[in-house]
Amino acid sequence: MSLNSNDDGGAPSARTRVRRGVPRARYGREDILAILHAGMIAHVGVTTPDGPLVLPMAYGHDGERLYLHGAAANHLLGTGDGHEVCVTVTHLDGLVMARTPFHNSMNYRSVVVRGRATRIDDEAGKRRALKLVTDHVVANWDSVRPPSQSDLRKTLVLEMPLAEASAKVRTGDPIDEPEDIAGPWWAGVVPITTRFDSAITSADLTSGAEPPDSITALAGRTADERPQPYRA
């Protein structure tokens, strides 16, 4: 099943159907890919012999598959190879402050992806996946030393289909009780924006090299605005 098939607004599977806050569910391809674009960290969950394990990781995607990487000895990725994995990406947009803390909330965009993860062993496939992961965060793969054979041997890369993915989005003001709205308390939203500052050169830099354009171009941009190799 391709992510394209979700454009009709239906959940791609029973286990990715949003059951709480149903009006906030999004199943369309563009919604899901836009949230993946905005995020930079995925929380990856697997079931290990020692119990559930969830870790934050960088990720990349090509519109059809999600890519994860880590050290060859990474316990989570090694366990996930050939098994079901759950990946979540969340972009926090604001604190929603209600008239009572019971109704405080957050504005957010989130995606849940479920599927079987598979190890990429061929060199060309691994390099392509690692480039997607690197350039998803900041597009600098082509402006630095390329990974060596030793680097590749030390790295484990997994791919998983984006076929089973759903999104959930909250926007807007707090939802208070009518009797509280008439009260004296303040309510509103505190916006949150992830924005890049100017690059700071490493203290041990001796070459005199200047930051590449892909780095300097980040200054002042939000996470949503950063260039990427794949964009919905």
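Annotations
- Hits in the stretch 19-75 - residues which are assigned to a loop (DSSP other than H, G, I, E, B) and touching a strand residue (DSSP E or B) at 6+ places or on another chain (Cβ under 6 Å): 27, 39, 41, 72, 74
Conditions (1) out of contact with any Lys or Arg (no Cβ under 8 Å at 6 or more places or on another chain); (2) buried (at least 18 other Cβ atoms within 10 Å of the Cβ); (3) at pLDDT 95 or above, marked per residue:
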| residue | (1), (2), (3) |
| --- | --- |
| 38 | no, yes, no |
| 41 | yes, no, yes |
| 50 | yes, no, no |
| 84 | no, no, no |
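- Checked against (1) under 21 Å from residue 80 (Cβ atoms); (2) not in a loop (DSSP other than H, G, I, E, B), residue 121 passes all but condition (2).
- Qualifying residue in the stretch 85-108 (condition: in contact with a Cys (Cβ under 8 Å, 6 or more places away or on another chain) and of a type outside the set (Ser, Thr, Tyr)): no
- Any pair with Cβ under 7 angstrom, 6 or more apart, that starts in the stretch 89-106 at a residue that is farther than 30 Å from residue 59 by Cα and at pLDDT 95 or above and ends at one that is surrounded by 15 or more Cβ atoms within 10 Å (Cβ to Cβ) and of a type in the set (Gly, Ala, Ser): 97/187; 98/187; 99/187; 104/98
- Any hit, the stretch 18-25, residues being surrounded by fewer than 17 Cβ atoms within 10 Å (Cβ to Cβ), farther than 22 Å from residue 168 by Cβ and free of Cβ contacts under 8 Å to residues at least 40 places away in the same chain: no
- Among (1) surrounded by fewer than 16 Cβ atoms within 10 Å (Cβ to Cβ); (2) more than 24 Å from the chain's Cα centre (by Cα) - the single one residue 106 does not satisfy: (2)
The values are calculated or read from the model by the stated rules, or taken from the named source; none is laboratory data. Computed from a prediction, not measured in an experiment: that's the story for all the values here. Positions of Cβ are backbone-derived with ideal geometry, glycine not excepted, and every protein chain shown enters the neighbour counts.
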